[in-house]
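The values are calculated or read from the model by the stated rules, or taken from the named source; none is laboratory data. All figures in this text were calculated on a predicted structure; none of them were measured in a lab. Because the Cβ atoms are built from the backbone with ideal geometry, glycine has one as well, and the counts that use them run over all protein chains shown. Just so you know, the surface numbers come from the protein's heavy atoms only, side chains and all, with ligands and any DNA or RNA stripped out. Shrake-Rupley method; radii C 1.70, N 1.55, O 1.52, S 1.80 Å.
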Amino acid sequence: MAERERVLVCRDAVDTIAEKFCYHNSKANRRRLVSALFGVHRSQLELLPYYARLTATLSACMEDVGSEVR
């Protein structure tokens with residue numbers, strides 16, 4: 001996720017990453033994703049809307065992603 005956060009600059013990229021994440025779905029990967037979402041640096045706050053979109057998209061099929069972020 002850390003190397004992909006530079007790619008999260010438009011909605012289409014977020015949707016593509018969410019789709020690819022579903023294919024690599026595991027509990028460990030979901031935990032890494034949640035920790036990456038919480039670990040956003042305060043100088044990169046412009047990424048928050050894209051992280052929110054990614055969380056909302058993934059929480060539709062992975063309940064633990066949405067509940068961990070709350």
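For region 10-26, which residues satisfy the criterion of being open to solvent by 50 Å² or more (accessible area, probe 1.4 Å), more than 13 Å from ALA52 (Cα to Cα) and of a type in the set (A, V, I, L, M, F, W, C)?
CYS22
Give the residue, chosen from VAL34, VAL40, VAL65, that is of a type in the set (A, V, I, L, M) and either open to solvent by 90 Å² or more (accessible area, probe 1.4 Å) or in contact with a Ser or Thr (Cβ under 8 Å, 6 or more places away or on another chain) (or both).
VAL65
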